[in-house]
Amino acid sequence: MTTPDKAARHVAIIMDGNGRWAKRRHLPRAMGHRKGVEAVRELVRSLKDTPVECLTLYAFSSENWKRPEEEVDDLMNLMRKFIKSDLPEFIANDVRLHILGDWRSLAPDIVEMLEDALAQTAQGSRTLAVALNYGAHAEITQAARKAAAEGEISQESIERHLFSADLPPLDLLIRTSGEVRLSNFLLWQAAYAEMLFLDVLWPDFTPDHLTGALAEFAERERRFGGR
Ligand code: IPE
Ligand code: IPE
Ligand code: MG
C-alpha cells in the first residue's frame, strides 16, 4: 500500500494503441476503440480502491480530426454510447465528470449530453476528467489570451484559465502503447509530473496496471529542482 505522502492524487493517461490492438487480431479498428472503452469503464470502477482523486484521460485530441471521417464518426458514436450507458454508474459511484478541451464545438447532441452529465455529477468526490477535442497548445493560447484580456499575464493568471484550473497538480502521466511522446497533451501541467511509458496497448490496460504504476510512482524521488 502506498503511503499517503507518496500517493498520486492526479494521474493522467494517454490511452494509445487501440488501432494496433485490433490490427494484431485482424479486427477492424472500431473493435479496438470499443475494447478501449471497456478498459476505461473497468479503470473508473477501480478508482475507489486507489488514492487517486483525479484521473484525466486523453480521449480525442484536436489533431485526431485528421483521421478518416469513418473513424472520427465511430469515436463520436462511442462517446455518445459511453455517456449514456455509464452516467448512472458515475452518479452511483460518486464520480464527478470534468472535461478539458474545446468540447463545446463538438456535435450539438454531444454537447448537450455532456452538459447534462456535468450537471448530474457535479457533487462527486472523485474526478474523471476527459480530454475531448483537446490540444495543449490551444489550451495555453486561450488561457494566455484570457489572462491578457484581464490585464495581467502571469503564471498564476494563466493557470487560472487552463482547463485544469480546478484539478489537483498533475503527479503522474502514463502513456500506453510504447510510444514515447506527449502528442500535445498537458504540456503545461506536465512540468514536474513523473512520466511512465508502458508497453501495453490501451485495450489490454487493467486496474492492476494502474496499481503497478502507482507503486512505481511511490518509489520515485521528486525534487522539483531542489536537492
Ligand atoms: C488511441 O488509439 C485512441 C485514440 C487516439 C482516439 P489509436 O487509435 O491511436 O491506436 P494506434 O496508435 O493506431 O494503435
Ligand atoms: C494521442 O494519441 C491522442 C489520444 C490518445 C487521444 P495519437 O495516436 O493520436 O498520437 P500520435 O498521433 O501517435 O502522436
Ligand atoms: Mg495512436
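Details
- Candidate set: region 34-87, residues that are among the hydroxyl-bearing types (S, T, Y) and more than 16 Å from ligand 3 (Cβ to nearest atom); chosen: the one least open to solvent (accessible area, probe 1.4 Å): T56
- Residues that are part of a helix (DSSP H, G or I) and either open to solvent by less than 20 Å² (accessible area, probe 1.4 Å) or touching a Phe, Trp or Tyr at 6+ places or on another chain (Cβ under 8 Å) (or both) were ranked within region 133-147; the one that is farthest from L106 (Cα to Cα) is A147.
- Some residue of region 77-94 being over 22 Å from P203 (Cα atoms) and either within 16 Å of ligand 1 (Cβ to nearest atom) or outside any helix (DSSP H, G or I) (or both): yes
- Qualifying position, being without any contact (Cβ under 8 Å) to a residue 12 or more places away in the chain and under 21 Å from I13 (Cβ atoms), among A149, A165, A129: A165
- For region 171-183, filtered to residues that are within 16 Å of ligand 2 (Cβ to nearest atom) and part of a loop (DSSP other than H, G, I, E, B), the residue that is most open to solvent (accessible area, probe 1.4 Å) is R181.
- Among the residues listed as D199, D204, the single one being exposed (fewer than 14 other Cβ atoms within 10 Å of the Cβ) and either free of Cβ contacts under 8 Å to residues at least 60 places away in the same chain or not hydroxyl-bearing (S, T, Y) (or both): D199
- When region 26-37 is filtered for residues that are within 13 Å of ligand 2 (Cβ to nearest atom) and within 24 Å of L172 (Cβ to Cβ), the ones remaining, listed by number, are G36, V37.
- Looking only at region 52-64, and only at residues there that are within 11 Å of ligand 1 (Cβ to nearest atom) and outside any strand (DSSP E or B), the one that is nearest to E139 (Cα to Cα): E63
- Selected residue (criterion: nearest to A213 (Cα to Cα)) from residues of region 13-30 that are more than 15 Å from ligand 3 (Cβ to nearest atom) and in contact with a helix residue (DSSP H, G or I) (Cβ under 9 Å, 6 or more places away or on another chain): R25
- Residue in region 1-51 that is farthest from ligand 1 (Cβ to nearest atom), counting only those that are part of a loop (DSSP other than H, G, I, E, B) and closer than 21 Å to S125 by Cα: T3
- Looking across region 171-193, the residues that are away from ligand 3 (no atom under 16 Å from the Cβ) and either more than 21 Å from Y134 (Cβ to Cβ) or out of contact with any strand residue (DSSP E or B) (no Cβ under 8 Å at 6 or more places or on another chain) (or both) come down to L187, W188, A191, Y192.
Per-residue answers, yes or no, for (1) surrounded by 15 or more Cβ atoms within 10 Å (Cβ to Cβ); (2) within 16 Å of ligand 2 (Cβ to nearest atom); (3) among the basic types (K, R):
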site: W103; (1), (2), (3): yes, yes, no
site: L106; (1), (2), (3): yes, yes, no
site: G124; (1), (2), (3): yes, no, no
site: T127; (1), (2), (3): yes, no, no
site: A131; (1), (2), (3): yes, yes, no
site: A149; (1), (2), (3): no, no, no
site: E156; (1), (2), (3): no, no, no
site: L162; (1), (2), (3): yes, no, no
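- Some residue of region 6-25 being more than 12 Å from ligand 2 (Cβ to nearest atom), at pLDDT below 95 and open to solvent by 40 Å² or more (accessible area, probe 1.4 Å): yes
The values are calculated or read from the model by the stated rules, or taken from the named source; none is laboratory data. Being a predicted model, the structure only gives us computed values, none of them experimental. Neighbour counts run over all protein chains shown; Cβ positions are idealised from the backbone, glycine included. Each accessible area value is taken on the protein alone, full model and side chains, heavy atoms only, with ligands, DNA and RNA left out. Shrake-Rupley method; radii C 1.70, N 1.55, O 1.52, S 1.80 Å.
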